[in-house]
Amino acid sequence: MYKELVNSNYFNISYTLGSIFFYFSYFAVDKCLAAVSKKYRDLNYDKKIYVVSNFLKSFILAFITPQAFSVMYQGYYNDSWNNNLIKNLGVFYTIPDTVSLMTLNKMEFTTKMHHMVVVIFNAFSLHNDYSEENIVRCMMIYACFSSYAFIVNFTLAIRFLHENKTLELFLNRLSFIIYSLCCMGNWGWHIIALKRQWGNCDSMICNYSIPLYTIMTLAIIIDDVKLNTWLYEKSNIPLCLKHKNS
């Protein structure tokens, strides 16, 4: 069932039905959290949607992470590009952002831009041939690296459901470290890849697509930097280092 799902070529159907299923999952998770957590029941509607959204997104990203590792390894070490698998992973990655745009009333502008760019990138991905070297491969790599940081969304959600300061500090630090490593790996890879693609550019398409991709990706990077800065502040790492050095 799993292999059939990730290797099917019904991308638009998967995207539509997946988004509908994901939307109704909000209600199921809401019922479960309300049944087990008083702190959740005390939250206002917007905060509840925020918590549920991040819980569900963390589960989706964790679900696709093993395949994301496989896609990167097979693609860049074995030069084997499974178009159906890559496109389906892109669909799964995009579904949480699509539903969030429709359900979250209060969303930071940078986060909204981030989600909108992801949705646009997915539209390009569905019509791309990944066996050919092109800028859309970079979109796939950004999504893979972002999937590895699924703990961040879990941390954003769980912080509203407990008062354990030790657990909160641990999750903030773990999220900051993982997110930082993913961002550095992602951005470092992009600098090398974009430089190579620009050097090999010999058509009007890449003359426009590479700068356009770079500009749109900046919207995601700005949101990544903003979130990681928040995690850095919450992790209290400088005070920890100061204490150890004294």
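Rule-based calculations on the coordinates, nothing more; no lab input. The structure presented is a predicted model; accordingly, all values stated were derived computationally and were not measured. For neighbour counting, all protein chains shown are included, and Cβ atoms are generated from backbone atoms with ideal geometry for every residue, glycine included.
Data overview
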{"read-out": "Conditions (1) over 15 Å from the mean Cα position of the chain (by Cα); (2) surrounded by 14 or more Cβ atoms within 10 Å (Cβ to Cβ): number failed by Leu167", "value": "(2)"}
{"read-out": "Condition check for Ser175: out of contact with any helix residue (DSSP H, G or I) (no Cβ under 6 Å at 6 or more places or on another chain), in a helix (DSSP H, G or I) and crowded, with 17+ Cβ neighbours inside 10 Å", "value": "no"}
{"read-out": "Filtered residues of segment 95-115 (kept if of a type in the set (A, V, I, L, M) and surrounded by fewer than 19 Cβ atoms within 10 Å (Cβ to Cβ))", "value": "Leu101, Met102, Leu104, Met107, Met113"}
{"read-out": "Any chance Asn134 is in contact with a helix residue (DSSP H, G or I) (Cβ under 6 Å, 6 or more places away or on another chain) and not in a helix (DSSP H, G or I)", "value": "no"}
{"read-out": "Test for Gln74: is it more than 26 Å from Phe27 (Cα to Cα) and more than 17 Å from the chain's Cα centre (by Cα)", "value": "yes"}
{"read-out": "Candidate set from segment 193-222 (those that are among the polar types (S, T, N, Q) and in a helix (DSSP H, G or I)); member that is surrounded by the fewest Cβ atoms within 10 Å (Cβ to Cβ)", "value": "Asn207"}
{"read-out": "Pairs, first without any contact (Cβ under 8 Å) to a residue 24 or more places away in the chain in segment 31-50, second of a type outside the set (Lys, Arg) and surrounded by 13 or more Cβ atoms within 10 Å (Cβ to Cβ), C-beta under 7 Å, six or more apart", "value": "Ala34/Tyr40; Arg41/Ala34; Lys48/Asp30; Lys48/Tyr40"}
{"read-out": "Selection status of Asp97, closer than 15 Å to Ala149 by Cβ and of a type in the set (Asp, Glu)", "value": "yes"}
{"read-out": "Residues (within 16 Å of the chain's Cα centre (by Cα) and of a type in the set (S, T, N, Q)) located in segment 171-217", "value": "Ser175, Ser180, Asn186, Thr217"}
{"read-out": "Residues of segment 193-209 satisfying the condition of being touching a residue at least 40 places away in the same chain (Cβ under 8 Å) and more than 24 Å from Ser147 (Cβ to Cβ)", "value": "Asn200, Cys206"}
{"read-out": "Residue tally, condition under 11 Å from Leu231 (Cβ atoms) and in a helix (DSSP H, G or I), over segment 145-168", "value": "4"}
